[in-house]
Amino acid sequence: MRGLAVPIKNNPLNRFLLTKIVSHVVANSEDTRKTVIQKLRPF
């Protein structure tokens, strides 16, 4: 079974959580890791 690298939505709640609350992210694949890193940069 393969997980999908679904993009993180750019909304106020996610921006708040990813900049103020979340300190670590565990990814289940390299694609997921790259997606999270890519989406965190604009925040």
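Derivation of every value follows stated rules applied to the coordinates shown; laboratory data play no part. Bear in mind that the values here come from a model prediction, so they are computed numbers and not experimental data. Here Cβ is always computed from backbone atoms with ideal geometry, including for glycine, and neighbour counts include all displayed protein chains.
Listing Thr19, Thr32 from fewest to most neighbouring C-beta atoms within 10 Å gives Thr19, Thr32.
Annotation: the residues Ile8, Ile37, sorted from fewest to most other C-beta atoms within 10 Å of their own C-beta, follow the order Ile37, Ile8. Each of Val26, Val36 was scored by other Cβ atoms within 10 Å of its Cβ. Listed from fewest to most, they are Val26, Val36.
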